[in-house]
Amino acid sequence: AATAAAAFPRLSIDLIYARPGQTPEAWTAELAEAIALGAEHVSPYQLTIEAGTAFDRAVRRGTLVPPPEDLAATLFEVTQEVLEAHGFHAYEVSNHARGEAARSRHNLVYWRGLDYVGAGPGAHGRLTLDGVRHATEAAARPADYIAHVAETGVGFITDEPLSPLEAAEERLLSGLRIEDGVPFAELAALGLTPAHPEVAHLTELGLIAPDPLRLRATPQGRLILDHLTGRLAT
């Protein structure tokens, strides 16, 4: 990171927290060290134990013990407090930037539901063709990908038109991660409006912002974003 800071005009650092044995004090010091390196963008991700991984097997053996949920929530709050105090704004649930110019333009393409081409083995893409959202996927093996491009001139092997419902669900899942949220107009297929009973209820609880035009999670809502999107998607 120090080498990158010396070589490039802008530095972004990714960090993992809620690790076994980690304390709020140690995490605070770690964030301060990242900031001191000159990072203008910090992506702090909470450790997630995915089924079938080496971490998952270690947890089941008892050799890796993640922190309890209340401590993980405290570490999330510490993240917000420390970074905000140093001028970082949480424009996405796991991404903090010092000023708009330091935000990840690449990732904002996904979160805002824009089009992107999936190039390379195993790549996924999203393209809007004649008003319909398409999901593309390329061959996973490099040899198969190269052969397919040589034969057809395109990289993807599948091109699946998404239904309005599928496209709206994708917008909800990705768009609710950013503070801007998603325009209600793009969630019409899900029937979500400010007056929808679930939206109204979550707004009363302080988890959804009272915005007549966009569905936006509040800071409290971001803390339980998976639960929030699960309720709204169904």
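The values are calculated or read from the model by the stated rules, or taken from the named source; none is laboratory data. All figures in this text were calculated on a predicted structure; none of them were measured in a lab. Note: ideal-geometry Cβ built from the backbone for every residue, glycine included; neighbour counts use all protein chains shown. In case anyone asks, the SASA skips ligands and DNA or RNA and just uses the protein heavy atoms, side chains included. Shrake-Rupley method; radii C 1.70, N 1.55, O 1.52, S 1.80 Å.
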For region 125-137, Karplus-derived ³J(HN,Hα) couplings (6.51, -1.76, 1.60; θ = phi - 60°; whole Hz; x for glycine and proline) come out as x, 9, 10, 9, 10, 6, x, 10, 6, 10, 9, 10, 9
Taking a ≥ b ≥ c as the square roots of the eigenvalues of the Cα gyration tensor, with a/c under 1.5 meaning rounded and otherwise prolate when a/b exceeds b/c and oblate if not, region 99-173 is oblate
Contour minus Cα-Cα span, Ala36 to Tyr110, at 0.36 nm per residue, comes to 23.7 nm
For region 42-123, dividing by residue count, accessible area per residue (probe 1.4 Å) in Å² works out to 56
For region 16-152, shape from the Cα gyration tensor axes a ≥ b ≥ c, cut at a/c of 1.5 then a/b versus b/c, turns out oblate
Probe 1.4 Å, all chains present, heavy atoms only: Arg214 accessible area in Å², nearest 10, is 80
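State to the nearest 20 debye the size of the charge dipole of the chain about its Cα centre, where the only charges are +1 on K and R beta carbons and -1 on D and E beta carbons. Before the final figure, lay out the partial values.
Working: 18 positive and 31 negative charges, 54 e Å.
It comes to approximately 260 debye.
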Using alpha carbon centers only, region 60-102 is separated from region 174-229 by a whole-angstrom value of 21
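Please report the net charge: other residues with Cβ closer than 10 Å to the Cβ of Leu64, K and R +1, D and E -1. Could the numbers behind the result be given before it?
Numbers: positive: Arg19, Arg57, Arg60, Arg61; negative: Asp56.
Taking every Cβ under 10 Å from that of Leu64, the sum is +3.
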Checked the chain against the a/c 1.5 cut and the a/b vs b/c comparison, axes a ≥ b ≥ c from its Cα gyration tensor; verdict oblate
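Please report the carbon-and-sulfur percent of the accessible area for the chain; probe 1.4 Å, protein heavy atoms only, DNA, RNA and ligands left out. Let's see the in-between values first.
On the way: 7440 of 12920 Å².
Percent of accessible area from carbon and sulfur atoms in the chain: 58.
With r defined as the distance between the Cβ atoms of Thr234 and Asp159 and R0 fixed at 25 Å, what FRET efficiency is calculated, to the nearest 0.05? Walk me through the numbers before you get to the answer.
Working: r = 28 Å, r/R0 = 1.11.
With R0 = 25 Å, the Cβ-Cβ based efficiency is 0.35.
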Note: probe point = Cα of Thr28 + 7 Å toward Cβ; backbone nitrogen < 14 Å; residues of region 76-95 passing the test are 76-86
